[in-house]
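J.: Following this message is one structure expressed as structure tokens.
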Amino acid sequence: MNAKDMIVKIKTSEYDAIVFDLDGVVTDTAGVHAAAWKQLFDEVLKKHAEKTGNEFVPFDAKQDYFTHVDGKPRYKGVEDFLKSRGITLEFGDPSDPPGKETICGLGNKKNIAFQERLEEDGVAIFHSTVKLIEEARARGMKIGIISSSKNCEPVLKRAGLLHLFEVKVDGVDAAEMGLKGKPHPDVFLSAVDQLGVAAQRSIVFEDAISGVRAGSRGDFGLVIGVDRTGIENQLLDKGADVVVKDLVQVQIEDDTSVSWLPSAIQSFEDIMKKIDRKELAVFLDYDGTLTPIVERPEDAILAGDMREVIQELSNKCKVAIVSGRDRADVEERVGLNNLYYAGSHGFDIKGPGGFEKIHEKGKEFMPILDKVEQDLENSLQAIEGAQVERKKFSVATHYRRVAEQDVQAVIDSVDEVMNKYDSLKKGGGKKVIEIQPAVDWHKGKAVRWLLEALELDTEKAMPLYIGDDLTDENAFREIKKDGIGILVATEEKKTEAHYVLADTNAVRAFLKRVSTTIERGSS
């Protein structure tokens with residue numbers, strides 16, 4: 001299929017970040033660069049022809065540009081083109097005055113010519129690229145930009161696009177960090193490293209031959225060539241996975257949102273095939289999963305039929321309740337002795353036979369959390385409906401019953417208290433703000449620790465986690481590759497879960513069916 005006919009679909013479940021080249025992909029400055037190069041090289045070539053008596057063959061702003069200088073650091077471009085014409089110069093020093101007959105002097109002269117043309121002509125942008133960037137950002141993808149040019153930042157500022165990029169690695173940055181230019185992958189790898197994303201989970205957009213070679217060498221998940229000048233075959237030959245004429249041909253599909261998730265009820269047979277012949281371990285959130293969300297957390301009472309289903313299931317496999325509530329609180333509400341209970345988002349874990357883990361770091365924060373609780377009580381007492389709930393290892397502020405016009409005041413009050421304590425972090429949920437110790441521990445860590453402690457962290461085991469809130473995403477993420485995550489939700493949002501259930505009634509029906517199927521010997 002030709003580049004002009006290609007449609008590329010990017011699924012957000014497969015990629016976390018996109019790194020764009022600047023010239024020719026985001027901004028239409030390739031022509032300005034090519035004209036500046038031609039101005040420089042034609043002067044050099046004329047002098048060389050007069051000096052040697054050879055024929056003057058001018059710089060080809062298309063073929064010579066894309067073959068020898070496009071996408072490369074400026075001095076490297078000067079060196080490679082002159083070498084292609086049999087001309088050798090001393091490298092010189094970056095401080096050489098423009099026009100001095102060294103690689104650096106000529107490169108500096110080209111830069112002045114480029115800046116003059118840029119000032120005169122302005123910066124044209126590819127609107128389809130900007131639209132794609134905005135869409136990717138809206139869907140939670142991280143965005144970086146790279147350029148061999150040292151003019152990247154001024155160009156982006158002139159175009160009004162600098163705010164779109166979380167990370168920039170240009171010619172200035174590369175020089176400071178000692179990075180090799182294209183076709184080496186250094187600048188791309190530096191960008192994704194700063195974004196905190198693996199190269200295999202990232203996409204590169206490049207219009208330069210040297211750029212697609214760099215993306216290919218960097219082992220990026222997808223390298224998309226952008227052919228605006230008729231070099232499709234060269235881009236494919238040098239490492240592009242696919243080539244498009246324009247980024248209007250690229251579509252982003254947010255298959256990590258609720259509307260994309262298959263129903264766990266309708267996909268039950270597929271789920272059981274994944275569990276088949278493996279030891280099942282079921283992890284369940286409490287509020288919003290086993291009980292409906294209520295205005296007052298103390299009113300979340302577990303229904304008798306839900307308790308019966310959990311009891312039946314726990315007789316056939318390991319079952320754990322993983323909750324933001326205090327462990328003692330959720331244990332009392334569920335009231336079953338053969339379950340494992342992870343309270344306070346996993347800071348406090350207990351189970352049958354003296355099984356226990358209390359996060360030692362969490363204990364150190366008890367006095368600080370006492371102060372936070374008192375500060376919040378004082379600052380929120382005038383806001384009707386605001387409720388402060390002290391838990392063993394956290395303090396929650398509920399605002400479900402707060403009038404809409406007062407919600408921001410609650411958030412501001414919590415932030416003001418948070419600013420007093422550097423050792424704490426803020427978490428979110430459904431109409432609740434949670435202040436917790438700033439340690440690397442959450443529901444996902446608790447699930448993994450339980451699996452290891454129960455000797456279920458093997459290929460013979462299958463963890464299944466059901467939850468409904470933001471804090472459950474850590475657990476979904478933890479078992480993404482070796483388990484099954486089921487989100488309880490109807491509203492649209494991003495998630496790391498594999499399947500969806502509509503409400504607590506659907507959770508009960510699903511667990512009942514799992515229990516019955518296991519009883520029949522299918523697991």
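The values are calculated or read from the model by the stated rules, or taken from the named source; none is laboratory data. Just so you know, these numbers come straight off a predicted model, no measurement behind them. With ideal geometry, Cβ positions are generated from the backbone for all residues, glycine too; neighbour counts draw on all protein chains shown.
J.: Considering each of Lys420, Lys445 in turn, give the residue that is farther than 18 Å from Phe393 by Cβ and either not in a loop (DSSP other than H, G, I, E, B) or not aliphatic (A, V, I, L, M) (or both).
T.: Just a single option satisfies the conditions, and that option is Lys420.
J.: Go through region 31-55 and give me each residue that's surrounded by fewer than 21 Cβ atoms within 10 Å (Cβ to Cβ) and touching an Asp or Glu at 6+ places or on another chain (Cβ under 8 Å).
T.: Passing the criteria: only Ala49.
J.: Hey, Val322 hits all of (1) in contact with a Lys or Arg (Cβ under 8 Å, 6 or more places away or on another chain); (2) more than 30 Å from Asp415 (Cβ to Cβ); (3) β-branched (Val, Ile, Thr) but one; which does it fall short on?
T.: Status for Val322: all satisfied but (2).
J.: Please state which of the following conditions Glu295 fails to meet, knowing it meets all the rest: (1) free of Cβ contacts under 8 Å to residues at least 40 places away in the same chain; (2) under 26 Å from Glu434 (Cβ atoms).
T.: (1)
J.: When you check Ser190 against the structure, is it at negative phi, in a helix (DSSP H, G or I), among the hydroxyl-bearing types (Ser, Thr, Tyr) and out of contact with any Pro (no Cβ under 9 Å at 6 or more places or on another chain), yes or no?
T.: When the stated conditions are applied, Ser190 passes them.
J.: Right, here's the next one. Here is a list of conditions, (1) in contact with a helix residue (DSSP H, G or I) (Cβ under 9 Å, 6 or more places away or on another chain); (2) of a type outside the set (S, T, N, Q); (3) touching a residue at least 12 places away in the same chain (Cβ under 8 Å), and Asp193 meets all of them except one; can you say which number that is?
T.: Single failed check for Asp193: (3).
J.: Something else now. Could you list, in sequence order, all residues of region 451-476 that are modelled with pLDDT of 90 or more, in contact with an Asp or Glu (Cβ under 9 Å, 6 or more places away or on another chain) and in a helix (DSSP H, G or I)?
T.: Answer for region 451-476, where residues must be modelled with pLDDT of 90 or more, in contact with an Asp or Glu (Cβ under 9 Å, 6 or more places away or on another chain) and in a helix (DSSP H, G or I): Leu451, Asp472, Glu473, Asn474, Ala475, Phe476.
J.: Could you check region 255-266 and list, in sequence order, the residues that are surrounded by fewer than 16 Cβ atoms within 10 Å (Cβ to Cβ) and hydroxyl-bearing (Ser, Thr, Tyr)?
T.: Selection gives Ser259, Ser263.
J.: Related question: If I ask for residues that are buried (at least 20 other Cβ atoms within 10 Å of the Cβ), outside any helix (DSSP H, G or I) and in contact (Cβ under 8 Å) with a residue 40 or more places away in the chain, which ones from region 239-253 would you list?
T.: Within region 239-253, Val243, Val244, Val250 qualify.
J.: Sort through Asp96, Asp42, Asp60 and tell me the only one that's outside the structural domain of Ser148 (by TED's automatic domain parsing), outside any helix (DSSP H, G or I) and more than 42 Å from the chain's Cα centre (by Cα).
T.: Matching residue, one of Asp96, Asp42, Asp60: Asp96.
J.: Do we find a residue being among the β-branched types (Val, Ile, Thr), modelled with pLDDT of 95 or more, assigned to a strand (DSSP E or B) and surrounded by 17 or more Cβ atoms within 10 Å (Cβ to Cβ) anywhere in region 209-217?
T.: Looking for residues that are among the β-branched types (Val, Ile, Thr), modelled with pLDDT of 95 or more, assigned to a strand (DSSP E or B) and surrounded by 17 or more Cβ atoms within 10 Å (Cβ to Cβ), one finds none in region 209-217, hence no.
J.: Now for a different question. Give the residues of region 68-93 that are in a loop (DSSP other than H, G, I, E, B), of a type outside the set (Ser, Thr, Tyr) and within 21 Å of Ala49 (Cβ to Cβ), sorted by residue number.
T.: Hits for region 68-93 are Arg85, Gly86, Ile87, Leu89, Glu90.
J.: Please find, within region 56-81, the residue that is surrounded by the most Cβ atoms within 10 Å (Cβ to Cβ) out of those that are of a type in the set (D, E, K, R) and within 14 Å of Thr229 (Cα to Cα).
T.: Asp70
J.: Of the residues Arg137, Arg85, Arg117, Arg74, only one is assigned by TED's automatic domain parsing to the domain that holds Arg201, of a type in the set (D, E, K, R) and at negative phi; which?
T.: Criteria check complete, one pass: Arg137.
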